[in-house]
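Below you'll find the structure, written out as structure tokens, and then a few comments.
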Amino acid sequence: MKYSDIVLGLDPDLFRFLRLKVVMIVMKFGGSSLRDAERIQLAYKLVNERQAQKPIVVCSALGSTTDMLLAEAQAAIEGKDFGVAKIRSLHTQVSEELGIDAQDQIKLIGELEEVLRGVALLKELSGKTKDYIVSFGERLAVRVVAAYFDSQKLTSKFHEAWDLGMLTNSDYGDAQVLDESYDNLSKSLGALKENYSYTPVVTGYIAKTKEGNITTLGRSGTDLTASIVGAALQADEIQLWKDVDGIMTTDPRLAPGAKSVPLISFEEASELAYFGAKVLHPLSIQPAMRNNVPVRVKNSQNSDHPGTEILGVIDGASGYVKALTCKRNVTLVDIVSTRMLDQYGFLAKVFQAFNLRGVSVDMVATSEISVSLTLNKRESIDHVVADLSEFATVDVSHGKAILSIIGNIARSSEILDDTFRILRENSVNVQMISQGASKVNIGLIVEDSEIEKCIQGLHKHFFED
Ligand code: ADP
Ligand code: MG
């Protein structure tokens, strides 16, 4: 008698309950974890050790290939010397050291060379062309990685994410993933859950529009790809392998005393990423959160360290301050009502003005007759200011920074009391504060030139003393 005969006729929920849990993980390797042959060998070791968990591997471009590609594109458009020599030598050297055939990569680099020549000839470098050019980084990376895995103990195959159904809109450089990608990915990779016949190595960061044009998902987009793949497959864990021992209490480059945070909630991690922590793509937690797939940030150089676990609900989430982050070079807009408008009417008109021009805002603080807000991106707001000026006095100032304190907002009075004391000691003037918009984040606006001393002072107080 077969298993299926036994369970036939059972309630589907009970069936699901009875079935053994199918294990599957996503393992994402960032550029620093694929910098050279030695690191790729290390990645292999990590993936090989986890074969029982059926890893799906997602890769960024090797080392700083993305920056190299952008620099060559820029040189080509400016009529300077450009070429593929550096990119070719990096990849052929790594391939040689790994003992794999580089023919496939060389072919791809030939195509890249043609595109760069096109840029130089046409003197045209649109967002669309830029995305096409940077896509070569990930496309080369998966070829190297899969070929090396395959040459070792693992049967492996590379995939361009678009061949698995990763689709976006056409906002080149920062494209939005279309919802149908989840179904597509689940269909194209789902069979591996039951029958793990090979280790797939998938391009991070890149996708295509429905029309077939190549797009990219924005800075650190490989995190987002990994999260979407993990959510689509309802994986057991999404592992982001980087060069740090997980998410730190603040950017270690700003405060050398930064410590690894062992456990953090989806919401806290999202706020941290959105408000500037350059360790994660700003939206990368959302897909995992949506399908409740745990995320773990790990150090490929120090794999025994547990790193950071990101989970839906955290027991005893009654901590104090978890982490500090900042978003720099932010624009602050102060809007004061000049007419006798009621608060709701005034707020409605203000947000209508931003909405109409498609300008999104990050932080908001309101009073009866005024609104202060910060802008999400560096974009022109001349039109918005003109619209607002019809009923309000508008003051725009640049060079600000948002300092975000991620922590237990239930204790916000204490946190703010501490924070203002430390900032006063450092002679820092807080220009705006926003609290309550998020359950885990308090935002303060300070001068950008003062942000380092703010972070250092607060970090010392909250985490080092
Ligand atoms: P990846 O290899 O996945 O591309 P990134 O370089 O994007 O990794 O992210 C890791 C880097 O992020 C670290 O080396 C560190 O310098 C920086 N970083 C900034 N803020 C933080 C933080 N709060 N926690 C950990 N790392 C941070
Ligand atoms: Mg990154």
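Brief remarks on what is shown
- Note on I433 and T155: the extension gain reaches 94.7 nm, defined as 0.36 nm multiplied by sequence separation minus the Cα-Cα distance.
- Region 374-465: GluC sites (Glu not before Pro) falling in loop per DSSP and having at most 13 other Cβ within 10 Å: E379, E390
- Distance in nm between pseudo-label sites at K377 and Q74 (7 Å out along the Cβ direction from Cα): 1.9 nm
- Overall Cα dimensions of the chain, principal axis frame, Å, largest first: 73, 64, 48
- Loop sites in region 84-139: GluC sites (Glu not before Pro), DSSP, at most 13 other Cβ within 10 Å: E124
- The length gained by stretching the chain between D465 and Q103 to full extension, at 0.36 nm per residue less their Cα-Cα distance, is 124.7 nm.
- Protection proxy ranking of 257-264, 83-90 - average other beta-carbon atoms within 10 Å, highest first: 257-264, 83-90
- Cα gyration tensor category, rounded, prolate or oblate, for region 50-189 with a/c compared to 1.5: oblate
- Distance between the 7 Å Cα→Cβ label points at A410 and S126: 5.3 nm.
- Region 104-133 and region 191-232: distance between their alpha carbon centers, rounded to Å: 22 Å
- DSSP-defined antiparallel bridges as percent of all bridges, the chain, nearest 5: 60 percent
- Using just its DSSP H runs of length 4 or more, each adding -39500 (n - 2.57), the chain gives a mean residue ellipticity at 222 nm of -12000 deg cm²/dmol after division by all residues.
- Summary: within the chain, the longest segment free of chymotrypsin sites (Phe, Trp or Tyr not before Pro) located in DSSP loops with at most 15 other C-beta atoms within 10 Å is 1-197.
- Three semi-axes of the equivalent ellipsoid, region 279-435, Cα gyration tensor, whole Å, largest first: 35, 20, 16
- For region 372-396, the residues whose backbone nitrogen is under 14 Å from a point 7 Å from the Cα of V336, taken along Cα to Cβ, are 372, 392-396.
- Inter-site label distance for I369 and Q51 at 7 Å from Cα along Cβ, in nm: 7.4 nm
- Given R0 = 25 Å, the distance between the Cβ atoms of F420 and K259 translates into a calculated FRET efficiency of 0.55.
- Three-way shape label, region 132-202, alpha-carbon gyration tensor, a/c 1.5: oblate
- Computed E for A348/D163 - FRET, C-beta separation, R0 56 angstrom, nearest 0.05: 0.75
- The alpha carbon centroids of region 235-303 and region 330-395 are separated by 33 Å.
The numbers here are math on the coordinates, done by the rules we state, and not lab data. Values in this document were obtained by computation on a predicted structure and should not be read as measured data. No Cβ is skipped: glycine too gets one built from the backbone with ideal geometry, and neighbour counts run over all protein chains shown.
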